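Asks: Just dropping this structure here.
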């Protein structure tokens, strides 16, 4: 009788297959139509009510309160667009795509095509240098190699304090997202339905400015615009920042099995219903990365299964509170050049080598 020995590499492949089978058998990948239709209806109603309040209030500095509220509402459209792009809402790929395109373009003023391409590359290789655009060189240095090139002068001064400056910088993220969307729509032919998206985004941003100028003087309109964009950037950026920043950075050439790639590089954030709302379900980042097409309300239900499965197979599962997560981000960014001096090694690769 011949006994077959399963190698660590083979076990790594089977790990995710077994988990996915369990999740599928429990029906957690089924679409939640009632949830999404009600969320869309609530978001649209809130958007309309805020604009009705803006028009009714007229020339008043109290408009800045409505500007902040509008920033929060627009963030919810960002989350809904994210869910549609991941095909969480409907079985039909076309329904998901066009719902995401309309919600993002008409209500948030963002390009679905630009965001989908960038975000898909992130999901394929989270925190991997040279592959994940979210750790690519930019205003913030996310990796030690980038930090090493900014050790002197103003770049060095900024880098040592970038953790404290990160959240103030997020107030500019709303403007940055709009600029990136427009740059892609008018500079690349790779985006599907580019003309339609461009028309939606330009019309939305143009109507935003025009209505503000019709309702209030230029000074108040400018203040409203800045507050709304700042709150939008802070809310949206603040929901993505805790999920991967401060987790291991993966060297460009390292290969990791799917389950460990998604779990070891991601961090969950606990905090109850308020955090679920404020982060659009992205606080269940590990589960979202393992099952990107899973409807948002099911992420909470699948979490105990994933957590127990990771414990059973000795895969580190990270979950912290909301304030602790932001503390980790600030500390990591302030000391990015000092963190992870030794390159990350996949546990399976190490085991197999031994």
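The values are calculated or read from the model by the stated rules, or taken from the named source; none is laboratory data. Note that this is a predicted model, so its numbers are computed, not measured. Methodologically, a virtual Cβ is constructed for each residue, glycine included, from the backbone with ideal geometry; neighbour enumeration extends over all protein chains shown.
Asks: Among the residues of segment 338-348, is any modelled with pLDDT under 95, surrounded by 16 or more Cβ atoms within 10 Å (Cβ to Cβ), part of a helix (DSSP H, G or I) and under 23 Å from the mean Cα position of the chain (by Cα)?
Replies: Scanning segment 338-348 turns up no residue that is modelled with pLDDT under 95, surrounded by 16 or more Cβ atoms within 10 Å (Cβ to Cβ), part of a helix (DSSP H, G or I) and under 23 Å from the mean Cα position of the chain (by Cα).
Asks: Taking residue 203, is it out of contact with any strand residue (DSSP E or B) (no Cβ under 9 Å at 6 or more places or on another chain) and exposed (fewer than 15 other Cβ atoms within 10 Å of the Cβ)? Don't jump to the end; show me each part of the working.
Replies: Working: out of contact with any strand residue (DSSP E or B) (no Cβ under 9 Å at 6 or more places or on another chain): yes; exposed (fewer than 15 other Cβ atoms within 10 Å of the Cβ): yes.
Against the criterion (out of contact with any strand residue (DSSP E or B) (no Cβ under 9 Å at 6 or more places or on another chain) and exposed (fewer than 15 other Cβ atoms within 10 Å of the Cβ)), residue 203 qualifies.
Asks: Is it fair to say residue 322 is surrounded by fewer than 21 Cβ atoms within 10 Å (Cβ to Cβ) and either over 15 Å from the mean Cα position of the chain (by Cα) or free of Cβ contacts under 8 Å to residues at least 12 places away in the same chain (or both)? Please lay out each step first, then the result.
Replies: Values: surrounded by fewer than 21 Cβ atoms within 10 Å (Cβ to Cβ): yes; either over 15 Å from the mean Cα position of the chain (by Cα) or free of Cβ contacts under 8 Å to residues at least 12 places away in the same chain (or both): yes.
Here the answer is yes, as residue 322 does meet what is asked.
Asks: Something else: What number goes with the only condition from (1) assigned to a helix (DSSP H, G or I); (2) in contact with a helix residue (DSSP H, G or I) (Cβ under 8 Å, 6 or more places away or on another chain); (3) crowded, with 16+ Cβ neighbours inside 10 Å that residue 191 does not pass?
Replies: All conditions are met except number (1).
Asks: How about segment 206-250: which of its residues are in contact (Cβ under 8 Å) with a residue 60 or more places away in the chain and either in contact with a strand residue (DSSP E or B) (Cβ under 8 Å, 6 or more places away or on another chain) or in a loop (DSSP other than H, G, I, E, B) (or both)?
Replies: 216, 217, 242, 244, 245, 246, 247, 248, 249, 250
Asks: Okay, next question. Answer with yes or no whether residue 195 is within 19 Å of residue 139 (Cβ to Cβ), at pLDDT 90 or above and over 19 Å from the mean Cα position of the chain (by Cα).
Replies: Numbers: within 19 Å of residue 139 (Cβ to Cβ): no; at pLDDT 90 or above: yes; over 19 Å from the mean Cα position of the chain (by Cα): yes.
So residue 195 fails the test.
Asks: Being closer than 17 Å to residue 30 by Cα and either touching a helix residue (DSSP H, G or I) at 6+ places or on another chain (Cβ under 8 Å) or crowded, with 24+ Cβ neighbours inside 10 Å (or both) is the filter here; which residues of segment 87-107 pass it? Walk me through how you get there before you give the answer.
Replies: Let us first name the residues in segment 87-107 that are closer than 17 Å to residue 30 by Cα, namely 87-93, 95-96.
Listed by number, the residues that qualify are 87, 88, 89, 90, 96.
Asks: Answer with yes or no whether residue 71 is part of a helix (DSSP H, G or I) and out of contact with any strand residue (DSSP E or B) (no Cβ under 8 Å at 6 or more places or on another chain).
Replies: Against the criterion (part of a helix (DSSP H, G or I) and out of contact with any strand residue (DSSP E or B) (no Cβ under 8 Å at 6 or more places or on another chain)), residue 71 qualifies.
Asks: If you don't mind, there's one more thing I want to ask. Could you list, in sequence order, the residues of segment 38-54 that are out of contact with any helix residue (DSSP H, G or I) (no Cβ under 6 Å at 6 or more places or on another chain) and surrounded by 12 or more Cβ atoms within 10 Å (Cβ to Cβ)?
Replies: Start the filter on segment 38-54 by keeping residues that are out of contact with any helix residue (DSSP H, G or I) (no Cβ under 6 Å at 6 or more places or on another chain), which leaves 38-42, 44-45, 48-49, 51-52.
Passing the criteria: 39, 40, 42, 44, 49, 51.
Asks: Okay, moving on. Quick check on segment 257-279. Is at least one of its residues without any contact (Cβ under 8 Å) to a residue 40 or more places away in the chain, crowded, with 19+ Cβ neighbours inside 10 Å and closer than 20 Å to residue 80 by Cβ? Quick ask: steps written out before the conclusion?
Replies: In the first step, residues of segment 257-279 are kept if they are without any contact (Cβ under 8 Å) to a residue 40 or more places away in the chain; the result is 272-274, 276-277.
Checking the rest, the ones that are also crowded, with 19+ Cβ neighbours inside 10 Å come to 276.
Still in the list and also closer than 20 Å to residue 80 by Cβ: 276.
Yes.
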